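Please read the structure below before turning to the comments.
All of the numbers you see were taken from the coordinates with simple rules; none came from a lab. Please read these numbers as outputs of a predicted model, since none were measured by experiment. Every residue, glycine among them, receives a Cβ derived from its backbone with ideal geometry; neighbour counts consider all protein chains shown.
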Amino acid sequence: MIKTAVIGATGLVGQKIIRELVDHPWFKITNLVASEKSKGLVLGEFMPDLASGENGSLEVISTEDFAPHKADLIFSALDSSRAGEIELAYARTTPVISTTSAWRRDPFTPLLLCGVNYNHIPLLRVQQKKYNLRGFIAPKPNCTSCGLVLSLKPIYEKFGLKKVEMTSLQALSGAGTRPGISGLEIIDNILPYIPGEEEKVVKEPIKILGELTKEGIQEAAFNISATCLRVPVIDGHLLSIAIETKEPTTTKEIKEAIKKFNSTNDLKNLPEAPEELLFVTEDLNRPQPRQDRNRGRAMTVTIGRLRAQREPSVHFKYLALTPNTGIGAGGGAVLNASYLVKHFLKWNL
Ligand SMILES: NC(=O)c1ccc[n+]([C@@H]2O[C@H](COP(=O)([O-])OP(=O)(O)OC[C@H]3O[C@@H](n4cnc5c(N)ncnc54)[C@H](OP(=O)(O)O)[C@@H]3O)[C@@H](O)[C@H]2O)c1
């Protein structure tokens, strides 16, 4: 079994990663790490349903006390403001799979999204050389970017894209728990601004859908604009997306492209790969966060209300429901790890 450490283990995403790892056929949790104030907590105290399991009495240590070379693989779900230097220090000896934003914009670092750009993984060799690492840092995208890019990928490949406009209705879980959003702020309300979010959603997709060249990643050439709102939903981000394609097409052809994408991605035989990365619903009253956030064990993005005013057209609108803590965070990170272990690190499983 591969010895894994979870950094930021006590947080919302850290706990999601732990849930993915407890029954994982390849990974075994050997270290739980968080801030100084969580030192000494045992897993069963903050995840009571796991108290009687194999890891129930595993104790949390601080980032300062953790010796990264003792783990084969590290999952980082730290607060992003602290993650940059800690992930770099750990990557000196050990591969780091990250959910944080610290390294996403680094030109020598791929931003890995399952089913979309695992062909960018060779850039990790450049990163290792550039920063003198025996491990590496492999970040995944922002939770909203995950659902947006997954829904765009089959369309971009088949018909090209000129323009994307997105408005997101983002759930409370996306803000984490330290300190999170207060009840008084969000109940009976919508917050019109999420600090830093729109910049991420504009920048990350063109990197992920870009092309890996000898000079690094050449960004995809289309424009994105984004408005990100916080809404009083617990989990599951709903995205309202309008696109302009390069080639005229129809809703039927877009659905066929999505079907093909589902059946031809490179996730075969990975433990947490969903049957479908994208699910298209014909129900006009879907997707809804409560109904669709756990589709495919929270690893499937649900697309609905795909429409055009006339067809064929270059203008389409649709909704996409992203499980932000599943494929958008913990689940997506563990799937990236499985792929890297099998196809890049080529460890014996
Ligand atoms: N929530 C989402 O949907 C989502 C989606 C995609 C990406 N992300 C990213 O994933 C990361 C974790 O998010 P989250 O929602 O799980 O946040 P969270 O609930 O606020 O948890 C933050 C974690 O970081 C730890 N931490 C904070 N300051 C630290 C320090 N100085 N030293 C060591 N550990 C420290 C906390 O430990 P203590 O308990 O000891 O304070 C906690 O375990 C963030 O970078 C976030 O941007 C989140």
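Some points to look at:
- Ranked by how many other beta carbons lie within 10 Å on average, peptides 7-16, 287-296 from highest: 7-16, 287-296
- Taken along the Cα-to-beta-carbon direction at a fixed 7 Å, the label points for Glu253 and Asn285 span 3.4 nm.
- From helices alone, the chain scores -8000 deg cm²/dmol at 222 nm; the rule is -39500 (n - 2.57) for each run of n ≥ 4 DSSP H residues, then divide by the residue total.
- The stretch 270-292 and the stretch 33-86 have Cα centres separated by 31 Å.
- Residue among Gly216, Phe316, Ser168 farthest towards the positive dipole end of the chain, charges placed on Cβ: Gly216
- Helix 12-22 vs. the chain, principal-axis angle (Cα, 0 to 90°, nearest 10): 70
- Per DSSP, loop chymotrypsin sites (Phe, Trp or Tyr not before Pro) in the stretch 135-224 with at most 13 further Cβ within 10 Å: Tyr193
- Alpha-carbon centroid distance for the pair the stretch 205-261 / the stretch 135-200, whole angstrom: 12
- Computed FRET value (nearest 0.05) for His69 with Arg297, which takes r as the C-beta separation and R₀ as 35 Å: 0.60
- Per-residue extension of 0.36 nm, minus the Cα-Cα distance of Phe344 and Lys317, leaves a gain of 6.0 nm for this segment.
- Computed E for Arg178/Arg134 - FRET, C-beta separation, R0 25 angstrom, nearest 0.05: 0.25
- Sites Glu165 and Val126, calculated FRET efficiency, Cβ-Cβ separation with R0 45 Å, nearest 0.05: 0.85
- Cross-linked pairs Lys3/Lys140; Lys130/Lys163; Lys214/Lys346; Lys153/Lys268: Cα-Cα separations exceed 26 Å for Lys130/Lys163.
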